[in-house]
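Have a look at the structure below before the remarks.
The values are calculated or read from the model by the stated rules, or taken from the named source; none is laboratory data. No experiment lies behind these values; they were computed from the predicted model shown. For neighbour counting, all protein chains shown are included, and Cβ atoms are generated from backbone atoms with ideal geometry for every residue, glycine included.
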């Protein structure tokens, strides 16, 4: 399935790594199924974000990034998605300390889900540490047009998208691409299989 998917698209978000620390062999086997340049965005393990809640997680993060680094061969490593729990409120010192742990070789996208994070103070810290604010669109949340580094990461999580909504996102992506930014965008995976169809619509509009 991954090999077929990689013929249609150029990147995929891996949610598996959130629930279970991946192994080098698992990631290397996935890399063998895709062409050079196909990127895997890995969701940071829940021990880092939901159990340790960014505190005292140096060793866990180090191990996670060591495993992820095997994807550098073949240019397969995309951003690391750091998704916080919905009840995780803004904490500037903690954010500063956590992002200081990021080695320069890795791209981080930071997904916040508590309203207290949507403030200039957050964006300033993300810019300082060259970390992208994840633009996560849900039925309850419309993400701000905020760019904090040289790439952007969008999670399009609505259950249904109209052609008009896809066109609107395409215009935003085109603007950022013209500015020289890389764009990583993912529709929500669900059993009905609508996400790949939406992605094809987005790519068709981009051609």
| message | For segment 167-205, give me each residue that is under 18 Å from residue 5 (Cβ atoms), in contact with a helix residue (DSSP H, G or I) (Cβ under 6 Å, 6 or more places away or on another chain) and at pLDDT below 90. | response | 189
| note | Picking from 79, 86, the residue that is out of contact with any helix residue (DSSP H, G or I) (no Cβ under 9 Å at 6 or more places or on another chain), closer than 21 Å to residue 123 by Cα, at pLDDT 95 or above and assigned to a strand (DSSP E or B) would be 79
| request: Check whether at least one residue in segment 95-106 is part of a helix (DSSP H, G or I), closer than 28 Å to residue 10 by Cβ and within 17 Å of the chain's Cα centre (by Cα), and report yes or no. | output: yes
| Candidates 148, 138 - the one that is in contact with a helix residue (DSSP H, G or I) (Cβ under 6 Å, 6 or more places away or on another chain) and either touching a residue at least 40 places away in the same chain (Cβ under 8 Å) or within 27 Å of residue 102 (Cβ to Cβ) (or both) | 148
| Which members of segment 9-60 meet the condition of being touching a strand residue (DSSP E or B) at 6+ places or on another chain (Cβ under 9 Å), assigned to a helix (DSSP H, G or I) and closer than 20 Å to residue 76 by Cβ? | 16, 17, 18, 27, 30, 31
| task | Run down 126, 135 and say which single residue is touching a strand residue (DSSP E or B) at 6+ places or on another chain (Cβ under 6 Å), modelled with pLDDT of 95 or more, part of a strand (DSSP E or B) and surrounded by 16 or more Cβ atoms within 10 Å (Cβ to Cβ). | result | 135
| query | Of all the residues that make up segment 17-48, how many are within 25 Å of residue 152 (Cβ to Cβ) and loosely packed, with under 14 Cβ neighbours inside 10 Å? | reply | 3
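Residue by residue, here is whether (1) under 18 Å from residue 134 (Cβ atoms); (2) out of contact with any strand residue (DSSP E or B) (no Cβ under 7 Å at 6 or more places or on another chain) holds:
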{"residue": "159", "(1), (2)": "no, yes"}
{"residue": "167", "(1), (2)": "no, yes"}
{"residue": "172", "(1), (2)": "yes, yes"}
{"residue": "178", "(1), (2)": "no, yes"}
{"residue": "183", "(1), (2)": "yes, no"}
{"residue": "187", "(1), (2)": "yes, no"}
{"residue": "190", "(1), (2)": "no, yes"}
{"residue": "196", "(1), (2)": "no, yes"}
{"residue": "200", "(1), (2)": "no, yes"}
| message | If I filter segment 90-108 down to residues being touching a residue at least 40 places away in the same chain (Cβ under 8 Å) and in contact with a strand residue (DSSP E or B) (Cβ under 9 Å, 6 or more places away or on another chain), which single residue comes out as surrounded by the most Cβ atoms within 10 Å (Cβ to Cβ)? | response | 98
| request: List every residue pair whose Cβ atoms lie under 8 Å apart, where the two residues are 6 or more positions apart in sequence or sit on different chains, the first residue falls within segment 68-84 and is within 15 Å of residue 136 (Cα to Cα), and the second residue, located anywhere, is modelled with pLDDT under 95 and assigned to a strand (DSSP E or B). | output: none
